[in-house]
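Trainee: Take this structure, written in structure tokens, and hold onto it; I'll ask about it next.
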Amino acid sequence: MSALRGKEELRTYEEINERIRAGDAVVMRADEFVEFAKSVGIEKAAKEVDVVTTGTFGAMCSSGAFLNFGHADPPIKMRRCWLNEVPAYAGLAAVDVYLGATSPSEDRGIEYGGGHVIEDLVKGKEVHLRAEGYGTDCYPRRSIDTYVGLGDINQAILVNPRNAYERYNAATNSTDEILFTYMGTLLPDFGNVTYSGSGQLSPLYKDYGLETIGIGTRIFLGGGVGYVIGEGTQHNPERRLGTLMVRGDLRGMSPRYLRGATYYRYGSTLYVGIGIPIPIINEKVAKSASLSDDEILTDLVDYGVPSRNRPTIRKVSYAELRSGKVEVGGKEAPASSLSSYGYALEIAEELKLRIEKGGFLLSRPIEPIPEERPFKPMKQIEAIPRVRDLMRRDFKTAKAIQSLEEAARMMVEGGVDHLPIVDGSGRLEGIVTSWDIAKALAKGERDLGKVMTRDVKTAVEDEPIEAVAKRFSKFGISGMPVIDSRRVVVGLITTDDLAKLVKGGDSK
């Protein structure tokens with residue numbers, strides 16, 4: 001460990017393990033320690049408690065397993081491999097594969113994936129193994145079709161590149177469409193909020209300074225014993241978005257804490273149970289272990305913006321999220337968790353009992369997890385056209401009180417077929433098209449407010465054109481107002497503008 005971190009000022013790992021062996025260790029779940037520290041103070045709590053146990057149970061998409069099937073006779077060098085028709089990566093060696101949790105089945109689609117196969121194996125089920133080879137002198141076989149269970153496989157090692165996020169962004173949706181995401185189903189117009197993570201039970205938030213969690217840390221993983229093998233992919237500790245890379249033997253795991261799942265119209269994943277013991281080696285660790293849901297904040301993010309730089313609407317505490325109601329967009333929205341606090345609590349309790357019974361010793365990390373890590377976006381050599389690049393900034397709007405004749409005249413003068421209807425502050429109220437006006441005039445209608453469409457599909461400046469084109473096609477429309485965060489109309493984009501992009505022309 002770094003000399004600046006992990007100083008064993010109150011007690012050493014060896015002292016804690018001696019107390020565990022003797023049955024004398026004082027162990028508390030993270031939620032219990034929060035209350036204890038409140039009642040007696042950090043200094044006293046740090047002196048009296050040896051270990052704080054944590055837990056989290058949620059979808060950890062960046063999960064998977066290395067499997068070795070042993071050699072067939074005659075032997076095969078797998079070029080392609082399927083388990084229950086879920087593709088596994090076979091570019092490793094002759095009969096080694098990596099099965100990713102989010103890999104979808106080729107016959108059942110996204111309803112069944114790698115996460116479900118892993119759960120099936122842990123449940124003791126046999127899975128259908130099908131593989132193809134290209135044939136070599138030493139691996140002449142070209143195909144195999146068989147069934148295997150966990151007991152038939154030489155190695156079945158869960159190796160998860162990115163697990164146990166320190167915290168997770170909460171999600172909402174500002175658009176007028178239902179969105180199906182890895183944060184679940186998000187209802188239109190800030191209709192709901194979804195979140196993940198266990199807050200005051202979160203392993204990395206209980207070790208805020210990464211004092212005790214590092215390479216070699218022994219953990220509860222999927223019901224069995226696992227280890228931290230490094231920082232997780234997308235580890236971003238400076239934004240309190242730390243992650244861990246973990247591994248463990250599937251044979252010691254339980255389907256209670258390792259479950260395949262599917263997000264509706266998004267895809268498959270694996271729910272993973274992780275618990276990490278936090279040794280109270282100094283007061284700094286004790287202070288972070290005492291953080292409550294009220295003190296743990298995360299970002300409420302608008303997933304209606306199809307960009308990696310989705311806007312943060314505001315900060316929200318896990319206490320507010322767990323209350324079931326969150327203020328967003330000027331109203332109260334229902335909040336629901338995608339992870340299970342109950343299971344996280346159960347994992348922290350199970351780990352506590354294992355330590356108290358002497359069956360789970362702590363390990364000192366051989367190397368700390370980085371406190372700082374540059375977090376870079378993907379390098380892209382092609383410019384992605386966005387709405388701001390094509391939208392019309394010189395456009396006309398009308399008020400609902402104006403006549404159809406005035407609206408028609410504005411369209412003719414502007415050379416457009418779409419006219420946004422706004423209020424006195426420029427905020428969108430509706431839209432009318434030249435076809436709407438033609439139909440209304442034919443019927444003798446003169447009230448623009450009655451003719452306009454109030455359920456308006458909109459775009460924002462930062463959106464990629466690809467997303468807008470998809471919306472045009474989905475709803476069978478040819479124009480959309482471009483709005484800002486206050487729904488003020490700042491532009492107009494049409495299918496004609498998209499056509500100019502294909503032709504290489506300039507937009508107005």
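Trainee: So in the stretch 468-489, with the set limited to residues that are surrounded by fewer than 16 Cβ atoms within 10 Å (Cβ to Cβ) and in contact (Cβ under 8 Å) with a residue 12 or more places away in the chain, which one is farthest from residue 190 (Cα to Cα)?
Mentor: That would be 478.
Trainee: Any idea which of 291, 244, 250 is aliphatic (A, V, I, L, M), within 23 Å of residue 182 (Cα to Cα) and at pLDDT 95 or above?
Mentor: Being aliphatic (A, V, I, L, M), within 23 Å of residue 182 (Cα to Cα) and at pLDDT 95 or above holds for just one of 291, 244, 250, which is 244.
Trainee: So, one more: Keeping to the stretch 236-262, report how many residues are closer than 23 Å to residue 376 by Cα, surrounded by fewer than 21 Cβ atoms within 10 Å (Cβ to Cβ) and not hydrophobic (A, V, I, L, M, F, W, C).
Mentor: Number of matching residues: 5.
Trainee: Determine, yes or no, whether residue 34 is among the β-branched types (Val, Ile, Thr) and within 16 Å of residue 288 (Cβ to Cβ).
Mentor: Yes; evaluated as a whole, the condition is true for this residue.
Trainee: Go through the stretch 371-390 and give me each residue that's touching a helix residue (DSSP H, G or I) at 6+ places or on another chain (Cβ under 7 Å) and not charged (D, E, K, R).
Mentor: Residues satisfying the conditions are 385, 387, 390.
Trainee: Right, another one. I'm trying to understand the selection: among the residues of the stretch 31-80, which are within 29 Å of the chain's Cα centre (by Cα), in a strand (DSSP E or B) and either crowded, with 24+ Cβ neighbours inside 10 Å or aliphatic (A, V, I, L, M) (or both)?
Mentor: Within the stretch 31-80, 52, 53, 56, 57, 58, 59, 64, 65, 67 qualify.
Trainee: Aliphatic (A, V, I, L, M), in the same structural domain as residue 51 (by TED's automatic domain parsing), more than 30 Å from residue 182 (Cα to Cα) and more than 22 Å from the chain's Cα centre (by Cα) - does that describe any residue in the stretch 344-355?
Mentor: yes
The values are calculated or read from the model by the stated rules, or taken from the named source; none is laboratory data. Since this is a predicted model, take the numbers as computed values, not measurements. So basically every Cβ, Gly included, is an ideal-geometry build from the backbone, and we count neighbours across all protein chains shown.
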